[in-house]
């Protein structure tokens, strides 16, 4: 009889959650809000990387987004910042759309 526990690591749990489209959407929305507050590009890119890993891996995203796998790793690890066209390819590869809304500013 084994005393080994069959617990999942936090990373395994996180990846299982992010494999669900609705959970991935919420996760990316929160990551974007945090980016708007603190400007931490690396943290936002890490969120994209987590979703990519949960939804099939970086190689799959590279193929879907037509971005070289090594370059995609560099981008998602925060070593370089993506151009807008590259960012949009990543979002498309993750089946994520950007949505814009006009803010309601009082006094205008």
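In table form, for the structure just shown:
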quantity: Residue, farthest from the chain's Cα centre (by Cα), within the stretch 72-83, restricted to residues that are within 18 Å of residue 98 (Cβ to Cβ) and assigned to a helix (DSSP H, G or I); calculated: 75
quantity: Selection status of residue 18, at pLDDT below 95, under 22 Å from residue 78 (Cα atoms) and buried (at least 18 other Cβ atoms within 10 Å of the Cβ); calculated: yes
quantity: Filter result (over 14 Å from residue 45 (Cα atoms), within 11 Å of the chain's Cα centre (by Cα) and touching a residue at least 40 places away in the same chain (Cβ under 8 Å)) within the stretch 17-34; calculated: 25
quantity: Test for residue 47: is it within 19 Å of residue 89 (Cα to Cα), surrounded by 13 or more Cβ atoms within 10 Å (Cβ to Cβ) and without any contact (Cβ under 8 Å) to a residue 40 or more places away in the chain; calculated: yes
quantity: Residues (surrounded by 13 or more Cβ atoms within 10 Å (Cβ to Cβ) and over 12 Å from the mean Cα position of the chain (by Cα)) located in the stretch 50-62; calculated: 56, 60, 62
quantity: Out of 98, 106, 17, sole residue that is touching a helix residue (DSSP H, G or I) at 6+ places or on another chain (Cβ under 8 Å) and outside any helix (DSSP H, G or I); calculated: 98
quantity: Condition check for residue 67: surrounded by 13 or more Cβ atoms within 10 Å (Cβ to Cβ), touching a helix residue (DSSP H, G or I) at 6+ places or on another chain (Cβ under 9 Å), under 15 Å from residue 88 (Cα atoms) and modelled with pLDDT of 95 or more; calculated: yes
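The values are calculated or read from the model by the stated rules, or taken from the named source; none is laboratory data. Note that this is a predicted model, so its numbers are computed, not measured. Glycine also receives a Cβ, built like all others from the backbone with ideal geometry; neighbour counts cover every protein chain displayed.
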